[in-house]
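Worksheet: one structure, shown below.
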Amino acid sequence: QFTRSTVHTVRDLTIVNLDGPASTSALYVNSTGTVTIQNTITDGFRTGVLFSTGTLHHDHNLHNDTTAYSGVSPGANDVIGAPLFTDRANADFTLQATSPAIGAGADLGVPIDYLHRARPAGLPQDIGAFASAPPSALILDRVTGALAAWSTGRPLASAFTQAPADLPG
């Protein structure tokens, strides 16, 4: 909810309601200031963007809500539809390969996503918090001997009793 007379910027976010049928809005703009919303996914709300007063700039967003907009017209290059998360029920909001959010965003100069994966500069960006970048290399933690998949941000259930003799690269 944006209700102050300042400048607010919302970009490269994924906002999801996991609590069942929603009676709220993902983003509510009632401000004497300026709000900019870009490259953001809203999913599972009554309204994606509810606009009352103020100045709103919004484009390159994806809305999968009962009503995408109230009080405002769609933004330039906005997408309406399911974002196709990898596993929404288990809060994995990375994007499936066929997601309409892939390549539909604006290049806002944000070099990494929320999992620290690169967002390639100069190319169409993905909408949302998580880029669909190819998986990064697996990393061996030399202190614990655990193997972690930093491309997903989740540790793997694997560990070594002793460090491997040779790790290429």
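No value in this document is a laboratory result; all are computed from the given coordinates. Here the structure is a predicted model, which is why all the values come from computation and not from measurement. Positions of Cβ are generated from backbone atoms using ideal geometry, with glycine treated the same way; all protein chains shown enter the neighbour counts.
With N as its number of residues, the range 47-122 has a Cα radius of gyration that, divided by 2.2 N^0.38 Å, comes to 1.22.
Normalised by 2.2 N^0.38 Å, where N is the number of residues, the C-alpha radius of gyration of the range 1-139 stands at 1.03. The separation of the range 38-80 from the range 93-114, counted between C-alpha centres, amounts to 17 Å.
Applying 1/(1 + (r/R0)^6) with R0 = 41 Å to the Cβ-Cβ distance of Thr86 and His57 gives a FRET efficiency near 0.85. Around the amide H of Leu62, modelled in the peptide plane, lie the amide H atoms of Thr40, Ile41, Thr42, Val79, all under 5 Å away and 5 or more residues distant in sequence or on another chain.
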